[in-house]
1. Kindly indicate the residue of segment 18-42 that is open to solvent by 20 Å² or more (accessible area, probe 1.4 Å) and under 16 Å from the mean Cα position of the chain (by Cα) and also farthest from I86 (Cα to Cα) among those meeting that condition.
2. Need the failing condition index for W99 against (1) closer than 28 Å to N125 by Cβ; (2) among the aromatic types (F, W, Y); (3) not in a loop (DSSP other than H, G, I, E, B), just the number.
3. From (1) at pLDDT below 95; (2) under 23 Å from L54 (Cα atoms); (3) of a type in the set (A, V, I, L, M, F, W, C), pick out the condition that doesn't hold for A105.
4. Tally up the residues in segment 25-56 that are touching a helix residue (DSSP H, G or I) at 6+ places or on another chain (Cβ under 9 Å) and either in a helix (DSSP H, G or I) or more than 23 Å from D112 (Cα to Cα) (or both), please.
5. Of the residues A15, A59, which single one is open to solvent by less than 30 Å² (accessible area, probe 1.4 Å), in a helix (DSSP H, G or I), over 23 Å from A89 (Cβ atoms) and modelled with pLDDT of 95 or more?
6. Residues of segment 147-173 being outside any helix (DSSP H, G or I) and within 20 Å of the chain's Cα centre (by Cα), which ones?
7. Here is a list of conditions, (1) open to solvent by less than 100 Å² (accessible area, probe 1.4 Å); (2) modelled with pLDDT of 95 or more, and E198 meets all of them except one; can you say which number that is?
8. Out of E142, E126, E119, E176, I need the residue that is crowded, with 16+ Cβ neighbours inside 10 Å and under 20 Å from the mean Cα position of the chain (by Cα). Which one?
Amino acid sequence: MSHTPLSDADYQRLASTLNRFLPQHGMNLERLDGFFAALLSGPEQIKPTECLPLIIGDAFDDDSAFPSDKALEQFAKLLMGHWLDISAALREDGAFQPWLEPDAAGEIRGNDWAEGFSEGMQLLNEDWGLLFDDPEQAPLLEPILTLAFERNPDPEVQVPALTPTQREQCLAALSESVHGIHRFFSAIRRRLEEEEQELERRQRN
C-alpha cells in the first residue's frame, strides 16, 4: 500500500490536537511517537485506533472532545499517517529517528518519548519478556528504559538523574535501539510463520 508521508502542516495539526487533551491525561506528540515505535517494533503490531483511550486519555469518554464526526475522522487519519510514517522508517534500516521536542528550558530530554515507548511495551508485557531474556539483545532496551525510569515516582524503579553526557548517550542510541528491537521481533514472527506453514504443509501431505 502506498503512503504519502505527513507534511509539516499535518504534524502541526496533530500536535495541536493532542495538546488539547493533555489536561485529560492524553499524550503529546513526543510521547505518542515513542508509544507507536514500541507497538510497531514489538511482538505484535496493535493498530492506533485500538489505543485511542490511551492516546487521548479521559477525552475518549467526552462526547464534546471533537466538534464533529469529521474532526474525529481527520484526527484518526493523522494518527494513522504518523503510524505509517514510523512503519516506513522502520522498514528502511537506520531511517527511524525519534520525535524529540525541547522542554520549556529548550532542552531535549527524551523522557516523554521513552515513557511512551514503555507504555506501549506494557500492552504486551509477557511477549516483551522474550527480549528481556535474550542476553545479547536485551541491552537494546537500556537507553530507552533509563530515560523512561528517570522520572518514575517509584524509588525502587527510578534511576538517578542523568548527567548531560549520559542523556546525550541515551538519546543518540534510541534510533539504533528501536531498529534492533524491530529486527529482533520481526525475526521471531518470520520464524513462527515458517513453522506454521511447514505444519500446514505436513498436514496436507
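1. Initial filter on segment 18-42 (open to solvent by 20 Å² or more (accessible area, probe 1.4 Å)): 19-20, 22-25, 28, 31.
Now restrict to residues that are under 16 Å from the mean Cα position of the chain (by Cα): 28, 31.
Details: N28: 16, R31: 14 Å.
Among residues in segment 18-42 that are open to solvent by 20 Å² or more (accessible area, probe 1.4 Å) and under 16 Å from the mean Cα position of the chain (by Cα), the one farthest from I86 (Cα to Cα) is N28.
2. (3)
3. Result: A105 fails condition (2) only.
4. Residues of segment 25-56 that are touching a helix residue (DSSP H, G or I) at 6+ places or on another chain (Cβ under 9 Å), as a first pass: 25-49, 51-56.
Within this subset, residues satisfying the condition of being either in a helix (DSSP H, G or I) or more than 23 Å from D112 (Cα to Cα) (or both) are 29-41, 48-49, 51-56.
So the count comes out to 21.
5. Of the residues listed, the single one that is open to solvent by less than 30 Å² (accessible area, probe 1.4 Å), in a helix (DSSP H, G or I), over 23 Å from A89 (Cβ atoms) and modelled with pLDDT of 95 or more is A59.
6. Initial filter on segment 147-173 (outside any helix (DSSP H, G or I)): 150-163.
Residues satisfying the conditions are E150, R151, N152.
7. Failing condition for E198: (2).
8. Numbers: E142 fails: crowded, with 16+ Cβ neighbours inside 10 Å; E126 fails: crowded, with 16+ Cβ neighbours inside 10 Å; E176 fails: crowded, with 16+ Cβ neighbours inside 10 Å.
Just a single option satisfies the conditions, and that option is E119.
The values are calculated or read from the model by the stated rules, or taken from the named source; none is laboratory data. Keep in mind it's a predicted model, so treat the numbers as computed, not measured. No Cβ is skipped: glycine too gets one built from the backbone with ideal geometry, and neighbour counts run over all protein chains shown. These accessible areas exclude ligands, DNA and RNA; they are computed on the full protein's heavy atoms, side chains included. Shrake-Rupley method; radii C 1.70, N 1.55, O 1.52, S 1.80 Å.
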